[in-house]
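Written below as structure tokens is the structure these notes are about.
Derivation of every value follows stated rules applied to the coordinates shown; laboratory data play no part. Please read all numbers here as calculations on a predicted model, not as lab measurements. When we count neighbours, we look across all protein chains shown, and the Cβ atoms used for this are built from the backbone with ideal geometry, even at glycine.
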Amino acid sequence: MRLTLIERLRQANFVLIGFFAALAILVAIAWTSSLSITRFEEGARIIEHTHWVISELEGTASSMKDADGAARGFYLTGLPEYLEPYDAALERLPAQLGTLRSLTNDNPAQQKNLSALREIIINRLDNLKQNISLRTQEDGADLITARVATGEGQKLMNALRQQISVMQEVEKGLLAERAKAFENEASDTYLIILFGNLAAFLMLAATFWLLHKEVTARRASDAALKRANRALLAQAGQLEATNKELEGFSYSISHDLRIPLRAVDGYAHMIEEDYADKLDEDGKRMLGVIRQNSTRMGNLIDDLLAFARLGRTRIAAEAIDMNVMVAQVIAELGARVDTGADANVNASDDPSILPSPDSSPGPAITVAPLAQAWGDRSLLRQVWTNLISNALKYSAKASPQKIHISGKPVGQEVVYSVADNGAGFDMQYYDKLFGVFQRLHSADEFPGTGVGLAIVQRVIVRHGGRVWAEGEIGRGACFHFALPDESAGIRSEGTPT
Amino acid sequence: MPDFLEIDILLVEDTATDAEMTMRALRKKGLGDHLLWLKDGSEALDFLFSTGEFAGQRVSRPKLIMLDVKMPKVDGIEVLRRIMQDESLRTIPVVMLTSSAEETDILESYRLGANSYIVKPVEANEFIRVVTEAGCYWTLMNRTPNADLRP
């Protein structure tokens, strides 16, 4: 299947869009991932922070228990070494509270709770301090028993546990909340990465598929092109071979036709010589007809041979002064260049090759200054000979006989024309004009074989030019041939005077 | 056949009508007395080299050989080549008399050493003129090195 250009462009656009979309998705995924990792780190830090608060709270509770336990030991024994854990707890507690304060700095509710906790701790520590100082008195033990019995201390410790528990619950709640949010976010990130990658994969797959299709199509069309080229080359070779064969064929046909024809003419001639006295006038006339016709056929064969040979000769192009060539051809054909009305168009500065204007007999031809040509000298000479002899032949009965030759550059070509005021031709049969053995006049009216114009056309076409003509019955004909302007600057500037 | 064949003109021509017209034209100029017509190249080689039909036949040395180019079996070009390869035959004038105006035939004939290349005209008067002129020129006007009978 062949794609139109628009389809190809659309496909190329889609490939480009698909590729950049996949790239954008991958960049977004990378960005999301890095953002997610940052958040993950932050979340981990927050969770760690929460755990820290909880453990700090536990530490505080444990310090208070230590202080409480130590104080009780001291109440019972009165031994100062029992107070060692108490002193240590007292020393630890401010730092622990400070830590908690700074850890819950961002949470006003916990700050408030912390203040309440602090209140309870201070009260309890005051209580313990009073008890310890009471124990150092004489009757301290009893007083303490009485004070403990009031349950005041126990109440404070309960309140402390309660408060710590509340604060831990708050932190645990926060932890659960954060873990949940974190989990949600992680799952979002996971989904983004999953679907993003999937989309990018699909885009790339589609792009790949399109590219693959394009490459395959291109390979196929390349192969088709190569095949077509090969076929064309083979065809050209075949055509050349056929042409050669045809030319060889027409050549040998022409050659072999001459043998019997020579016999016909030769034996008719022998009869004329040997049996003249035995033939009456009518018999002699008939022999004459035989000989005339064999002569005519001989001319046909010669022209056919010339035409066949034309296809085989190589064109040796050179710059040609058409003025000189035309003057020579006119002289050869027994005509002369008219120096009357167009007297100053005398074509060449070399008078030796020109017929002297007024002394030569024969029809007069007017020649305008001719532009220089680029082509094969002998072939173009043949063209001029055929065209001018045609003009002379077909205008022979016109009075006065007029033939005009011109040639000037037109665009990229040089156009030469031969016009006459002779018999002309019917434009209706124009397509037969340049055909081989095609004639628009009978041989009785105007003798000829019908090969002259075919030769003209063949020569001009082989030069890369073209031929055409206009005509009207009884009013003359004008034949044109155009040669490509092969090298600029070789044109003749006209007639040197 | 007589013991000895005296031949002035050897005409090698496969077309009987061409041969008859040629011989008639030459005869009218008095050149037909010692003329031998052979119908193809192999007969010509037999005559020139005393083989086949002409084995043992004593023949004179022709003053002129008229050779057609296109002939069956052995063509004129081949006969010409064989003549020019033979030391004693190569001095006999050879005129190629043919219907072929093919450039390659002309070139090859001259390359091999033909003395003349004549395209037979179709028109009878022209044909007679050309044949008799060639015959007169090469047999009457032209001088060739004097060579005796071949052994």
Can you put A:31, A:468 in order, fewest other beta carbons within 10 Å first?
A:31, A:468
Within 10 Å of the Cβ of an average residue in B:114-127, the count of other chain Cβ atoms is 4
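Using just the helices of chain A, give the 222 nm mean residue ellipticity in deg cm²/dmol: DSSP H runs with n ≥ 4 each add -39,500 (n - 2.57), and the total is spread over all residues, rounded to 500.
Result for chain A: -24000 deg cm²/dmol, rounded to the nearest 500.
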Stretch residue A:172-residue A:306 to full length: gain in nm at 0.36 nm per residue minus the Cα-Cα span?
36.6 nm
Please tell me which of these pairs span more than 25 angstrom C-alpha to C-alpha: A:65/A:129; A:397/B:120; A:244/B:70; B:28/B:73; A:278/B:39; B:29/B:63?
A:397/B:120; B:28/B:73; A:278/B:39
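I need the helices of chain A that pass two filters: whole DSSP H segments spanning 18 Å or more by Cα along the axis, and mean Kyte-Doolittle score no lower than -1.0.
Working: long enough: A:5-77 (106 Å, 0.46); A:84-103 (28 Å, -0.25); A:108-135 (40 Å, -0.55); A:152-274 (178 Å, -0.11); A:281-310 (43 Å, -0.22); A:377-394 (25 Å, -0.12).
Qualifying helices, which must be both long enough and hydrophobic enough, are A:5-77, A:84-103, A:108-135, A:152-274, A:281-310, A:377-394.
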Computed FRET value (nearest 0.05) for residue B:140 with residue A:259, which takes r as the C-beta separation and R₀ as 30 Å:
0.60
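Under the rule a/c < 1.5 gives rounded, and otherwise a/b versus b/c splits prolate from oblate, where does chain B land using the Cα gyration tensor?
In terms of gyration-tensor shape, rounded.
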For peptides A:227-235, A:37-45, A:166-174, A:413-421, sequence by mean Cβ density within 10 Å, most packed first:
A:413-421, A:166-174, A:37-45, A:227-235
Rounded to whole angstrom, the alpha-carbon centroid of segment A:12-81 lies from that of segment A:200-217 at a distance of 46
Whichever lysines have a C-alpha closer than 29 Å to that of residue A:402, once near sequence neighbours (fewer than 8 apart) are set aside:
A:393, A:432
Could you tell me the center-to-center distance, by alpha carbons, between segment A:135-175 and segment B:1-79 in angstrom?
159
Expressed as a whole-number percentage, the relative contact order of segment B:16-89 with C-alpha contacts under 8 angstrom and at least six residues apart is 24
Which of these, B:29, B:39, B:120, has the largest mean-square fluctuation under a Gaussian network model of chain B (Cα springs below 10 Å)?
B:29
What is the protein assembly as shown by shape, rounded, prolate or oblate, if you read a ≥ b ≥ c off the alpha carbon gyration tensor as root eigenvalues and call it rounded for a/c under 1.5, prolate for a/b larger than b/c, and oblate otherwise?
prolate
Residue by residue through A:256-262, how many Cβ atoms from other chains fall within 10 Å of the Cβ on average?
5
Output ordering of B:17-24, A:87-94, A:236-243, A:439-446 (per-residue mean of other Cβ within 10 Å, highest first) is B:17-24, A:87-94, A:439-446, A:236-243
Which residues qualify? For residue A:320, with a placed amide H closer than 5 Å and at least 5 residues away or on another chain, they are A:373, A:374, A:375
Any aspartates and glutamates whose Cα falls less than 19 Å from that of residue A:213, other than same-chain ones fewer than 8 residues away, would be A:7, A:222
Distance from segment A:299-316 to segment B:84-98 (C-alpha centre basis), Å
31
For a quick protection proxy, order the peptides A:287-299, A:393-405, A:175-187, A:52-64 by their average other-Cβ count within 10 Å, most packed first.
A:52-64, A:393-405, A:287-299, A:175-187
Averaged over A:292-304, how many beta carbons belonging to a partner chain fall within 10 Å of each residue's beta carbon?
1
In whole percent, what relative contact order does chain B give with Cα contacts below 8 Å and a gap of six or more residues?
25
Hey, which aspartates and glutamates would be in cross-link range of residue A:408, C-alpha to C-alpha under 15 Å, not counting anything within fewer than 8 residues on its own chain?
A:321, A:485, A:486, A:493
Using helices alone, I'd like the mean residue ellipticity at 222 nm for chain B: each DSSP H run of four-plus residues gives -39500 (n - 2.57), total over residue count, nearest 500.
-11000 deg cm²/dmol
Length-normalised contact order for chain A - Cα pairs under 8 Å, 6+ apart - percent
11
